[in-house]
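The values are calculated or read from the model by the stated rules, or taken from the named source; none is laboratory data. These numbers come from a predicted model, not from an experiment. Positions of Cβ are backbone-derived with ideal geometry, glycine not excepted, and every protein chain shown enters the neighbour counts.
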């Protein structure tokens with residue numbers, strides 16, 4: 001039997017991240033790497049050369065330091081959970097002493113600290129999409145971005161990953177596929193793969209984009225992305241800017257901030273993110289998920305569409321107002337609360 005080697009904290013972190021890379025997206029992996037680097041940098045400063053040198057007391061010292069770093073509650077929880085998971089693995093494989101992981105206290109976090117209640121609400125989405133569909137920017141890159149983020153509810157990375165070959169225009173279906181080797185991983189990797197349907201109206205918009213407005217270009221891997229610039233597949237920062245610009249409220253109403261459109265500096269593709277009323281892709285996704293649930297779609301069905309678990313949907317995304325929740329999900333059951341509807345014995 002081979003004894004476990006003496007690994008430095010940085011080498012142990014690299015080994016754990018390599019093992020996790022099979023099941024995690026690149027973005028998630030980078031987040032884990034950043035959290036572990038805080039620990040490994042601290043350990044190096046303490047002169048800890050081997051994971052075997054860790055003790056519960058030393059790890060508790062790190063835990064206390066991290067709690068004093070003025071992190072947001074949810075950020076602190078996520079950071080400490082990652083470090084604890086890593087230390088548990090290290091003890092399990094014998095490169096760290098037993099019990100060190102228990103010295104990391106993962107704080108409980110209120111639901112209000114997990115979520116932001118800023119979303120694109122359904123009235124604004126309806127007005128914006130209606131303005132696009134009836135206006136001169138119909139089937140533009142901004143329109144298609146908002147149309148798909150809203151009616152699918154996908155993440156920005158999933159939208160960016162779509163190729164022309166993933167669009168079945170006759171069936172009204174988008175095929176989300178995990179292709180990390182050519183630069184478009186999906187959240188949850190292969191588990192994030194799914195087919196998602198849209199209405200004829202939404203697919204018609206996408207068809208017009210493809211036929212009349214989409215630049216005829218390929219990406220660096222020879223693929224034909226659905227969303228492109230003249231230089232290839234749209235990059236994440238540009239796609240985010242498209243979403244912000246698509247959701248500025250002065251597209252469908254007077255400016256709520258007293259500015260004059262179109263002279264307002266926020267009414268530009270590169271300035272729209274500064275508009276207090278524009279929305280990010282994540283905020284559009286949150287609004288879409290709430291809207292889909294309010295339309296009566298089961299949480300599991302929505303979860304499959306948007307690549308999220310029911311627990312995550314309920315905790316982070318499904319954010320109806322109290323009245324929305326009652327009108328859409330409670331009122332249909334009110335009629336059951338009558339003696340007249342009971343079966344006779």
Fill in the blank from the handout: Filter the stretch 22-48 for residues that are in a loop (DSSP other than H, G, I, E, B) and over 21 Å from residue 156 (Cβ atoms); the one that is farthest from the chain's Cα centre (by Cα) is 47
Problem - Enumerated helices (runs of 4 or more DSSP H) restricted to the stretch 93-154, each holding at least 2 residues that are surrounded by fewer than 21 Cβ atoms within 10 Å (Cβ to Cβ) and at pLDDT below 95 - result: 111-114, 122-134
Exercise for the section: Could you tell me whether any residue of the stretch 78-90 is at pLDDT below 90 and not in a loop (DSSP other than H, G, I, E, B)? Expected result: yes
Practice task
For residue 59, work out the one condition from (1) in contact (Cβ under 8 Å) with a residue 12 or more places away in the chain; (2) touching a helix residue (DSSP H, G or I) at 6+ places or on another chain (Cβ under 6 Å); (3) not in a helix (DSSP H, G or I) it doesn't fulfil.
Solution key: (3)
Exercise for the section: Within the stretch 62-74, identify whether any single residue is within 24 Å of residue 312 (Cβ to Cβ), crowded, with 18+ Cβ neighbours inside 10 Å and either within 29 Å of the chain's Cα centre (by Cα) or at pLDDT 90 or above (or both), and answer yes or no. Expected result: no
Exercise for the section: Report yes if some residue within the stretch 194-213 is part of a helix (DSSP H, G or I), buried (at least 18 other Cβ atoms within 10 Å of the Cβ) and modelled with pLDDT under 95; otherwise report no. Expected result: no
Practice task
Considering every residue within the stretch 247-256, establish whether at least one is touching a residue at least 24 places away in the same chain (Cβ under 8 Å), touching a strand residue (DSSP E or B) at 6+ places or on another chain (Cβ under 9 Å) and outside any loop (DSSP other than H, G, I, E, B).
Solution key: no
Practice task
Would you point out the residue of the stretch 274-283, among those that are buried (at least 18 other Cβ atoms within 10 Å of the Cβ) and in contact with a helix residue (DSSP H, G or I) (Cβ under 6 Å, 6 or more places away or on another chain), that is modelled with the highest pLDDT?
Solution key: 281
